[in-house]
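Written out below as structure tokens is the structure these notes cover.
The values are calculated or read from the model by the stated rules, or taken from the named source; none is laboratory data. Just so we're clear, the structure is a prediction, and the values are computed from it rather than from any experiment. We place every Cβ from the backbone using ideal geometry, glycine too, and count neighbours over all the protein chains shown.
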Amino acid sequence: MHGTNAADSGIATRPDRKASAKTVVWDIGVRGFHWSLVVVVATAAATGFLAPEWWLDIHVWAGYAVGILIVFRVVWAFYGSFHARLSSFLFSPNDTLRYLRALLRGKPQHFTGHNPAGALMVFALFVLLSALLVSGLMVLGGQENQGMLSGIVAYDAGHGARVFHELLSILLLFLIGAHILGVVAESLLCKENLAGAMLTGRKNRRSASTHPVPGTASPRRALLAIAVIAAAGGTAISALARMPASGLVEMPGNAVYLAECGDCHHAYHPSLLPASSWRRIMTGLPDHFGEDASLGRQTARELATYLAAYAAERWDTEAANNLRRVAARDPLRITAAPYWTARHKDIAKAVFAGKTIGSKGNCIACHADAATGRFDDQMIAVPEKQISQKATWRQQ
Amino acid sequence: MKLSFAPLAAALFLTAIAPASAGPDQDSVLTYFQQRADSAASPERGKSLFEARHGGGKPQTPSCTSCHGGTPSETGKTRAGKEIAPMALSRTPQRFSDLKKVEKWFRRNCNSVLGRECTAQEKSDFLAFMMSQ
């Protein structure tokens, strides 16, 4: 394609059978891995940076796919064909420095497989994607009480992991940019279309590659290794997945609460207010947000006990952790809490006033799982999608 | 016991006290209040009680219609956004069958709207009106 031949490589090569011919360098495993990773990472990035909360499932599945691809690639680094193998792109620091110096002079040495800078990029992306996967699972488990880590990661840990997840995701964008720049640079400097090579697998073999003869892959061994990892990983994951989410408390249903309080408004989950607020609400029922909601003494006492027992302090969910902090001026009103107002601030008043919602307090109109106190991102469906784009992807 | 009527048919019962749509439970609830009232239940007085703007209660709820919709056959909405089944017995046949529940809501809502308890006369007028609807 580029009309290069053995003469212009300028470096003595071992006399290969076809020194300048195109050969399959990237086997189907490497190519399939690479472009699958492109698709999956693009999906994860698009849903993570841009999509509304209720697309969380797609983001999570993209994350799982990244994990599966990484496992495959690690196995393939031992059982793939020659240039797929880790041993073919392990360079000493000296080799790497020498390559980088040559690159800066604009005359990088040509490598049939990964060059030392490309190898560094492979390792960096591997580490970064693994860290993104782990931190993402921690956010999912700790903050959302979902996924395989929901049984062992507390809210605070998940919330902290979120900071890392976000920083790493930005770092990933930079690394992807650097990767593309590197490919373009080397393609120009070595007059070889590297992106095309990753599609066809074929590259020029004209260089001082220290490994002139490609080895063959051992797909059967790879398959066996993958089966062993899948069995072990699957067992561990299913054991983790069976653990109850650590943030949730087993709470008996309370028919009296649902009937008495649910007659006028959504029967708010007890975890949405701290015990002190519930106590004040239950002693102030004759003037309950501007209405008489008085109850018989016995019923009132019974409900007060129930609400205080399962108040926000008892739970480690996203909602309970954040709604424990009430508004100083309006401590009884869930929709006045700083967290509540921050999360809903981009939703127009008209949306709340709309026919299907009616009021800010009608949680269940948009949060299908409001009665459980979970408020999963995936369960959000605003009936009137007049919600601004900004609000949809702000995941606090 | 017939539980539902076409709206037109229901209109025929406008003036009737305790019409055929009221079951035995509703009858006994109405009787309870009538026995304590000074005069016979009047659906007309019940209608004006329902529609009037009272004042004296809480500013958010000047009238029954603030939440219950303009007419008994309309679906209402609480200030918190929850739907309230129509007050008219023909539209919500299970209404007014539980004395304790009826008393609870009179206690609360009379206080919210009028700022006081309702009299037995007002309650029986109100029920007579709703049962005629």
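Restricting the stretch A:302-323 to residues that are charged (D, E, K, R) and surrounded by fewer than 18 Cβ atoms within 10 Å (Cβ to Cβ), the residue that is nearest to A:Tyr257 (Cα to Cα) is A:Glu302. When the residues of the stretch B:51-65 are filtered to those that are touching a residue at least 12 places away in the same chain (Cβ under 8 Å) and of a type in the set (D, E, K, R), which remaining residue is nearest to the other protein chains (Cβ to nearest Cβ)? My answer is B:Lys58.
Somewhere in the stretch B:84-97, is a residue closer than 22 Å to A:Thr299 by Cβ, more than 14 Å from chain A (Cβ to nearest Cβ) and crowded, with 21+ Cβ neighbours inside 10 Å? Taking every residue of the stretch B:84-97 in turn, at least one turns out to be closer than 22 Å to A:Thr299 by Cβ, more than 14 Å from chain A (Cβ to nearest Cβ) and crowded, with 21+ Cβ neighbours inside 10 Å. Among the residues of the stretch A:270-310, the ones that are in contact with a Ser or Thr (Cβ under 7 Å, 6 or more places away or on another chain) and away from chain B (no Cβ under 14 Å) come to 2 in all. Filtered by the rule that a residue be part of a helix (DSSP H, G or I) and surrounded by fewer than 16 Cβ atoms within 10 Å (Cβ to Cβ), the stretch A:280-297 gives A:Arg280, A:Thr283, A:Pro286, A:Asp287, A:Arg297. Any residue at all in the stretch B:94-110 that's acidic (Asp, Glu) and either touching a residue at least 40 places away in the same chain (Cβ under 8 Å) or in contact with a Gly (Cβ under 6 Å, 6 or more places away or on another chain) (or both)? Within the stretch B:94-110 (the criterion being acidic (Asp, Glu) and either touching a residue at least 40 places away in the same chain (Cβ under 8 Å) or in contact with a Gly (Cβ under 6 Å, 6 or more places away or on another chain) (or both)), the answer is yes, since at least one residue qualifies. For the stretch B:66-82, a residue qualifies if it is closer than 28 Å to A:Thr335 by Cα, more than 8 Å from chain A (Cβ to nearest Cβ) and either out of contact with any helix residue (DSSP H, G or I) (no Cβ under 6 Å at 6 or more places or on another chain) or of a type in the set (D, E, K, R) (or both), and the qualifying residues are B:Ser66, B:Cys67, B:His68, B:Gly69, B:Thr75. Which condition does A:Gln378 not pass, out of (1) more than 13 Å from chain B (Cβ to nearest Cβ); (2) surrounded by fewer than 16 Cβ atoms within 10 Å (Cβ to Cβ); (3) not hydroxyl-bearing (Ser, Thr, Tyr), if it passes all the others? Condition not satisfied by A:Gln378: (2).
Residue-level check: of (1) more than 15 Å from A:Ala293 (Cα to Cα); (2) within 14 Å of chain A (Cβ to nearest Cβ), B:Ser48 misses just (2).
Considering only the stretch A:104-139, state which residues are part of a helix (DSSP H, G or I), surrounded by 21 or more Cβ atoms within 10 Å (Cβ to Cβ) and of a type in the set (S, T, N, Q).
Start the filter on the stretch A:104-139 by keeping residues that are part of a helix (DSSP H, G or I), which leaves A:104, A:116-139.
Adding the requirement that they be surrounded by 21 or more Cβ atoms within 10 Å (Cβ to Cβ) leaves A:116, A:129, A:132, A:135-139.
The one that is part of a helix (DSSP H, G or I), surrounded by 21 or more Cβ atoms within 10 Å (Cβ to Cβ) and of a type in the set (S, T, N, Q): A:Ser135.
Put simply, of A:Tyr310, A:Tyr268, A:Tyr339 the only residue that is of a type outside the set (A, V, I, L, M, F, W, C), within 27 Å of B:Gln60 (Cα to Cα), assigned by TED's automatic domain parsing to the domain that holds A:Lys360 and touching a residue at least 60 places away in the same chain (Cβ under 8 Å) is A:Tyr268. Residues in the stretch B:101-131 that are more than 18 Å from B:Leu89 (Cα to Cα) and more than 14 Å from chain A (Cβ to nearest Cβ): 3 in all.
Picking from A:Val326, A:Val382, which residue would you name as being in contact (Cβ under 8 Å) with a residue 12 or more places away in the chain, in the same structural domain as A:Asp287 (by TED's automatic domain parsing) and over 24 Å from A:His59 (Cα atoms)?
A:Val326
A quick yes/no check of all residues on (1) at pLDDT 90 or above; (2) more than 17 Å from A:Pro219 (Cβ to Cβ); (3) assigned to a strand (DSSP E or B):
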{"position": "A:Gly3", "(1), (2), (3)": "no, yes, no"}
{"position": "A:Ile11", "(1), (2), (3)": "no, yes, no"}
{"position": "A:Arg17", "(1), (2), (3)": "no, yes, no"}
{"position": "A:Thr23", "(1), (2), (3)": "no, yes, yes"}
{"position": "A:Gly32", "(1), (2), (3)": "yes, no, no"}
{"position": "A:Ala44", "(1), (2), (3)": "yes, yes, no"}
{"position": "A:Ile58", "(1), (2), (3)": "yes, yes, no"}
{"position": "A:Ala65", "(1), (2), (3)": "yes, yes, no"}
{"position": "A:Val74", "(1), (2), (3)": "yes, no, no"}
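Each residue in the stretch A:351-385 was checked for being over 26 Å from the mean Cα position of the chain (by Cα) and in a loop (DSSP other than H, G, I, E, B), and 11 pass.
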